[in-house]
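What follows is a single structure, written as structure tokens, with notes after it.
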Amino acid sequence: MKKRLLLSLLFANSVAVFAQNKDEQFFKQIYNSALTNSQCYSWLDHLSNKIGSRLSGSVGAEKAVQYTKAQMEQLGFDKVYLQEVMVPKWVRGEKETAYILDNKNKTIVPICALGGSIATPKNGITAEVVEVHNFDELKALGPDKIKGKIVFYNRPMYDGVIESFDAYSGAVDQRGGGAREAAKMGAVGTIVRSMNLRLDDYPHTGAQGYGDLPKDKYIPTAAISTNGAELLSKKLKSNPNLKFYFKQSCQQFDDVLSYNVIGEIKGTEHPEKIMVVGGHLDSWDLADGSQDDGAGVVQSMEVMNIFKNLNYKPKNTVRVVLFMNEENGNRGGTKYGELAVTNKENHIFALESDAGGFAPRGFSFECDDSDFNKINNWKNLFEPYLIHSFVKGHAGTDIGPLKSEKMVKAGLKPDSQRYFDYHHAANDKFDAVNKRELELGAGTMAALIYMIDQNGTE
């Protein structure tokens, strides 16, 4: 009996060693393909430099849909198709202007309208400024001190944390809901410090919402660069009665038809089980959107290119999904999730890349403890490629609405230290993306999908 048990243990150990060696070898092939035979950088070049910004409802977004669809068809997917989704159409209009009026001295500062904002009156707005750092300060001042003023939200992203997305989460509420809260107290406009850890002259746009306010209560809102915010705050300390002027001509139109772009390879053993890899195809309108999220789009496509180059046939069905309208509505992710339920699809895994094309460091997972522990046991395979951070946390906005029984969601975690230098700003361009870092991210995504495909979830 003891001899039989020993032989059984030896056999199990030898099988595990063989599997480990097989996976190590395939990881080497994946990363070699990503670094020597990839197309993701040239795809990003086209998206950024030939198409440009891709805000939902724009000509750029439409061109990006057709371009990525054509590229996936060339990759030889079993199926490539468009999934209809109605999206908002917001147009920035003429370039915004702003200045600080300190007595008779005018100091121009860089601003940009926040997504979804209304325009100022044709000749702009001039008003005194009230500086606050949070909604509690705003409410403490009360309507008497806010009415007729421009509210200036000036809470910086906290630079004392290592994970820059934590700093973003701690400050972004003033951008998303600042105009709504100020309007309730009679403000005529709001200016919000840009979501940026460094001091520079780039204003960073982003989504904001008026909630359940009636439309006649909407007020215009804009982001000011961090340097501009510092200057305005300094001048207010010297002259609390100074005024601020800004003008913007943005406009909200009726929803328009757009698409998620989907490419699919059928699984050889379990075609009914679906694994998703994706990013969002739309971007803000100030630049090319190369980091946010052109990088995630082309990395997701590159996963399939790697599998094709290595002649890897997945056991489960793998879909690349390029979601439309993550930035100002998440309509694409919502529609995909709804149709997955309607069509009774069984999604076992979803991986999103929406944190930039910087050097990959790991993944964040939304899953139960048993699945996390299983995946965590694979870390030794990833560590030679400097992938070491396996944590529980938010996986991605686009895959958020996707619900299936016993599903694992993951988000690629690149190094985040430089991300908010570019996020939603005019410098989010192709030259901000490093080719090798982009390719390493694609290889890392392919490696995780391979492991899930081979081993399943609990």
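The values are calculated or read from the model by the stated rules, or taken from the named source; none is laboratory data. Predicted model, so just to flag it, every value in this text is computed and none were measured. Positions of Cβ are backbone-derived with ideal geometry, glycine not excepted, and every protein chain shown enters the neighbour counts. Quick note on the areas: whole protein, heavy atoms, side chains included, nothing else; ligands and nucleic acids left out. Shrake-Rupley method; radii C 1.70, N 1.55, O 1.52, S 1.80 Å.
Each residue in the range 209-227 was checked for being open to solvent by 20 Å² or more (accessible area, probe 1.4 Å) and under 20 Å from Asp282 (Cβ atoms), and 1 of them qualify. Apart from one condition, Val192 fits all of (1) open to solvent by less than 10 Å² (accessible area, probe 1.4 Å); (2) under 22 Å from Gly393 (Cα atoms); (3) not in a loop (DSSP other than H, G, I, E, B); the exception is (2). Condition check: open to solvent by 20 Å² or more (accessible area, probe 1.4 Å), in contact (Cβ under 8 Å) with a residue 40 or more places away in the chain, under 30 Å from Ser53 (Cβ atoms) and not hydrophobic (A, V, I, L, M, F, W, C). Does Glu128 satisfy that? No: the conditions fail for Glu128.
I'm trying to understand the selection: among the residues of the range 315-329, which are closer than 24 Å to Met304 by Cβ and of a type in the set (S, T, N, Q)?
Going residue by residue through the range 315-329, those that are closer than 24 Å to Met304 by Cβ are 315-326.
The answer is Asn316, Thr317, Asn325.
Against the list (1) surrounded by 16 or more Cβ atoms within 10 Å (Cβ to Cβ); (2) over 15 Å from Leu242 (Cα atoms), the condition Lys122 fails is (1).
Look at the range 52-67: where a residue is within 15 Å of Arg331 (Cβ to Cβ), no partner that is open to solvent by less than 10 Å² (accessible area, probe 1.4 Å) and at pLDDT below 95 sits 6+ places away or on another chain with Cβ atoms under 8 Å. Exactly one residue out of Tyr210, Tyr259, Tyr245, Tyr202 is part of a strand (DSSP E or B), farther than 30 Å from Val320 by Cα and touching a residue at least 60 places away in the same chain (Cβ under 8 Å), and it is Tyr245. For the range 140-166, the tally of residues that are surrounded by 21 or more Cβ atoms within 10 Å (Cβ to Cβ) and of a type in the set (A, V, I, L, M, F, W, C) stands at 5.
In this entry, Ala187 is excluded by the filter for residues that are crowded, with 20+ Cβ neighbours inside 10 Å, assigned to a helix (DSSP H, G or I) and in contact (Cβ under 8 Å) with a residue 12 or more places away in the chain.
For the range 259-308, what are the residues that are open to solvent by 10 Å² or more (accessible area, probe 1.4 Å) and among the hydroxyl-bearing types (Ser, Thr, Tyr)? Matches in the range 259-308: Tyr259, Thr268. Counting residues in the range 164-180 that are in contact with a Gly (Cβ under 9 Å, 6 or more places away or on another chain), in a strand (DSSP E or B) and at pLDDT 95 or above gives zero.
Quick one: count up the residues across the range 89-121 that are part of a loop (DSSP other than H, G, I, E, B) and in contact (Cβ under 8 Å) with a residue 40 or more places away in the chain. Don't jump to the end; show me each part of the working.
To start, the set of residues in the range 89-121 that are part of a loop (DSSP other than H, G, I, E, B) comprises 92-96, 103-104, 109-110, 114, 116-121.
Those left that are additionally in contact (Cβ under 8 Å) with a residue 40 or more places away in the chain: 92-94, 96, 103, 109-110, 114, 116-120.
Summing the residues that are part of a loop (DSSP other than H, G, I, E, B) and in contact (Cβ under 8 Å) with a residue 40 or more places away in the chain in the range 89-121 gives 13.
Inside the range 424-453, residues that are farther than 25 Å from Lys28 by Cα and either surrounded by fewer than 22 Cβ atoms within 10 Å (Cβ to Cβ) or polar (S, T, N, Q) (or both) make up a count of 6.
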